[in-house]
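Engineer: Before we start, here is the structure in question, set down as structure tokens.
The values are calculated or read from the model by the stated rules, or taken from the named source; none is laboratory data. Owing to the predicted nature of the structure, the values given are computational and were not obtained by experimental measurement. No Cβ is skipped: glycine too gets one built from the backbone with ideal geometry, and neighbour counts run over all protein chains shown.
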């Protein structure tokens, strides 16, 4: 069991770091937290990776979340507004926050990159077998 002061100190350090990173980078703190949450989600659900690979992929996922937040938010807003417009008329104008776009971008983009990488590796292995 961890000490309560260490968990509190870790949470304090995380919030302070996100606050200063948001001020320094002129980025919303919600976007940074969303990208961090998406990267954490990816790292915790990934299997068959060494610790340093998880660290590097987590960092890449975090950066993808920061960079792709606006784009993923636009995609989610367009998809949700068209879907909700058909299911419940009058709900088309419900906006999705950019922090949710950062979370989704961080969790999804690195998965697409690794999926594409594995397809390329399979294709290269098949060509070597010929």
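Engineer: Can you name every residue in segment 37-54 that is in contact with a helix residue (DSSP H, G or I) (Cβ under 8 Å, 6 or more places away or on another chain) and without any contact (Cβ under 8 Å) to a residue 60 or more places away in the chain? Quick ask: steps written out before the conclusion?
Structural biologist: To start, the set of residues in segment 37-54 that are in contact with a helix residue (DSSP H, G or I) (Cβ under 8 Å, 6 or more places away or on another chain) comprises 37-43, 46, 49, 54.
Listed by number, the residues that qualify are 40, 43, 46, 49, 54.
Engineer: Additional query: Of the residues 77, 48, which is more than 29 Å from residue 16 (Cα to Cα) and surrounded by 16 or more Cβ atoms within 10 Å (Cβ to Cβ)?
Structural biologist: 77
Engineer: Separate question: Tell me, which helices (runs of 4 or more DSSP H) wholly within segment 3-98 include 3 or more residues that are closer than 17 Å to residue 109 by Cα and either over 19 Å from the mean Cα position of the chain (by Cα) or modelled with pLDDT under 80 (or both)?
Structural biologist: Per the criteria, no element qualifies.
Engineer: Please work out if residue 125 is in contact (Cβ under 8 Å) with a residue 40 or more places away in the chain and either in a helix (DSSP H, G or I) or closer than 26 Å to residue 33 by Cβ (or both). Steps first, please.
Structural biologist: Values: in contact (Cβ under 8 Å) with a residue 40 or more places away in the chain: no; either in a helix (DSSP H, G or I) or closer than 26 Å to residue 33 by Cβ (or both): yes.
The answer is no for residue 125.
Engineer: Here are 107, 69, 93: which of them is touching a helix residue (DSSP H, G or I) at 6+ places or on another chain (Cβ under 6 Å) and either farther than 15 Å from residue 31 by Cα or free of Cβ contacts under 8 Å to residues at least 40 places away in the same chain (or both)? If you could, list the steps in order and put the result at the bottom.
Structural biologist: Numbers: 107 fails: either farther than 15 Å from residue 31 by Cα or free of Cβ contacts under 8 Å to residues at least 40 places away in the same chain (or both); 93 fails: touching a helix residue (DSSP H, G or I) at 6+ places or on another chain (Cβ under 6 Å).
The match here is 69.
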